[in-house]
Amino acid sequence: MLRRATIDDLNRLFEWRTEKTAKAGSLSTEDITWEDHVQWLSERLILMHNESIWIAEDEDGSPYGSGRIMITDDGIGLISVVVDQLCRSRGLGTKLIGLLVEKICKMNRVPVARIVRANHSSRRAFESAGFQEVDSASDAYIEMRWR
């Protein structure tokens, strides 16, 4: 199940995003301060943005990851995901990606992901969710599109 992130998710999102492995696999590897994180999430919850933040929960309502959808002017729904380190290697990332794809398709957008080249586990999760590599022009990441 997916639900919109709220201010109550502030700590959890910060922990997930700043966890060592998640940070290393992100396109943005700079250190994130607590103050910057609070401002970033607050802006996305209060203001109308082209981004939405989602929390994935299991059947018991326990959060296991987050996803972000950024809508671009060229019809793309750019996906990024983070799965709690204690919940990895269970297929939950693929499940989360699938839920985000459903949301993007309902918006008549094309689901796209940009994955750090060295992030093999993320690439496998996106491939399992139906994504294929379409662009290798960047040295930093590969671009994948859903079917």
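The values are calculated or read from the model by the stated rules, or taken from the named source; none is laboratory data. Predicted model only: the values in this text are computed from it and were never measured. Quick reminder, even Gly has a Cβ in these numbers, built from the backbone with ideal geometry, and neighbours come from all protein chains shown. For the accessible areas, the whole protein counts, side chains as well, though only heavy atoms, and no ligand, DNA or RNA atoms are used. Shrake-Rupley method; radii C 1.70, N 1.55, O 1.52, S 1.80 Å.
Some notes on this structure:
- Qualifying residue in segment 59-71 (condition: under 20 Å from Arg17 (Cα atoms) and touching a Cys at 6+ places or on another chain (Cβ under 8 Å)): yes
- The set of residues from segment 24-48 being in contact with a helix residue (DSSP H, G or I) (Cβ under 7 Å, 6 or more places away or on another chain) and free of Cβ contacts under 8 Å to residues at least 12 places away in the same chain comprises just one member, Thr29.
- Across segment 34-50, the qualifying residues are those that are modelled with pLDDT of 85 or more and surrounded by fewer than 16 Cβ atoms within 10 Å (Cβ to Cβ), and the one among them that is farthest from Val81 (Cα to Cα) is Glu35.
Conditions (1) closer than 25 Å to Arg4 by Cα; (2) modelled with pLDDT under 95; (3) outside any loop (DSSP other than H, G, I, E, B); (4) small (Gly, Ala, Ser), marked per residue:
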site	(1), (2), (3), (4)
Met70	yes, yes, yes, no
Leu86	yes, yes, yes, no
Ser89	yes, yes, no, yes
Thr94	yes, no, yes, no
Leu99	yes, no, yes, no
Glu102	yes, no, yes, no
Ala113	yes, no, yes, yes
Ala118	no, yes, no, yes
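- Any pair with Cβ under 9 angstrom, 6 or more apart, that starts in segment 96-115 at a residue that is open to solvent by 40 Å² or more (accessible area, probe 1.4 Å) and ends at one that is of a type in the set (Ser, Thr, Tyr) and assigned to a strand (DSSP E or B): Lys103/Ser52; Arg114/Ser80; Arg114/Tyr141
- Yes/no for Gly75 being surrounded by 12 or more Cβ atoms within 10 Å (Cβ to Cβ) and either closer than 24 Å to Arg109 by Cα or of a type in the set (A, V, I, L, M) (or both): no
- Arg124 vs. criteria free of Cβ contacts under 8 Å to residues at least 24 places away in the same chain, surrounded by fewer than 14 Cβ atoms within 10 Å (Cβ to Cβ) and either touching a Phe, Trp or Tyr at 6+ places or on another chain (Cβ under 7 Å) or within 21 Å of Trp16 (Cβ to Cβ) (or both): yes
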